[in-house]
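Working notes for the structure below.
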Amino acid sequence: MDKPCIITIVGPTASGKSALAIDLALALGGEVISADSRQVYRGMDIGTGKVTPEETRGVPHHLLNIADPVTDTYTATDFKYDAEAAITDIVSRGTVPIICGGTFFYLDVLRGKMQPAPVPPNPPLRAELEALPLPALLEHLHSIDRRRATTIDTKNPRRLIRAIEIATALGHVPEPIVTDSPYEWKMFGIEITPETLRTRIASRLDERLTAGMTHEVADLRTQGVSDERLISFGLEYRFITEHLRGDYDYETMRTKLYYAICQYAKRQRTWLRRDDTITWLSFPVTAAQVLTHLQK
């Protein structure tokens, strides 16, 4: 029996993944599943680059706005469960699932390349850890799981907090176990030059700031999302929160955020380069190019 085919669009932030996924969905009659750890949260729209109803052009999108940033902690385990349910639903209707998003750890878990640890969120511990700066989080992880501390993304506070949470419960973070996937994966990556990507990051950042990204973060604080929680979401939410609480002025915030996004994009490229199953296509990528490769 043939496995269901899953098309996945990957690439660094600001490389045009969302637009390509929508174009491809329109060409194939497909539906998009978001693989983004922040777009699951309601109210986090501009800062995460969540597609608007107009931008979807009628293409159904799954796993957007399904969690509350105040009360919920969405994990890779949650994503695997929800994504598999969405895939089953889409395939049962004879439609093509197209996964798009920048949380590549989530994709690796869904593909069976990694296994999420069976450790539920620990809210009291998380609240304590979210108040700590990055160096303290890394030092804490190093003290309880030296191996994981040497392989983790040290610039990602949420990843550090989750690793500490797991290591605290189990004594260490289990090493990945590769399992066979029930799906046939067609992976496509957007290859973009660093110079072009930096230009797109700067332009997109200014567009989002003009669109009210600072107000969005201010509204989340008003709704009860703590500064520590917002900072743990990283990038836009971290630097704008630090600006709003008076750590530095607007221009400094914008500069720090720009360089942080560029560094994040570089780490994304490094992560993806380890995967030899990805077919890389040069920016700008069209749906027609992807369809040509699918037909080979």
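The values are calculated or read from the model by the stated rules, or taken from the named source; none is laboratory data. Note that the structure is predicted; figures quoted are calculated from it, not measured. Methodologically, a virtual Cβ is constructed for each residue, glycine included, from the backbone with ideal geometry; neighbour enumeration extends over all protein chains shown.
Can you tell me which residue among 149, 136 is touching a Leu at 6+ places or on another chain (Cβ under 6 Å) and among the small types (Gly, Ala, Ser)?
149
Which fully enclosed helices (runs of 4 or more DSSP H) of the stretch 1-96 have 3 or more residues being surrounded by fewer than 20 Cβ atoms within 10 Å (Cβ to Cβ) and free of Cβ contacts under 8 Å to residues at least 60 places away in the same chain?
Passing ranges, in order: 53-56, 76-92.
Starting from the stretch 229-255, keep only residues that are among the acidic types (Asp, Glu), then list their pairs with residues that are modelled with pLDDT of 95 or more and not in a helix (DSSP H, G or I) whose Cβ atoms are within a distance under 7 Å, requiring at least 6 positions of separation or different chains.
If the second residue must be modelled with pLDDT of 95 or more and not in a helix (DSSP H, G or I), the pairs left are 236/47; 242/248.
If a residue must be loosely packed, with under 12 Cβ neighbours inside 10 Å, over 23 Å from residue 195 (Cβ atoms) and not assigned by TED's automatic domain parsing to the domain that holds residue 218, how many such residues does the stretch 241-287 contain?
Count: 3.
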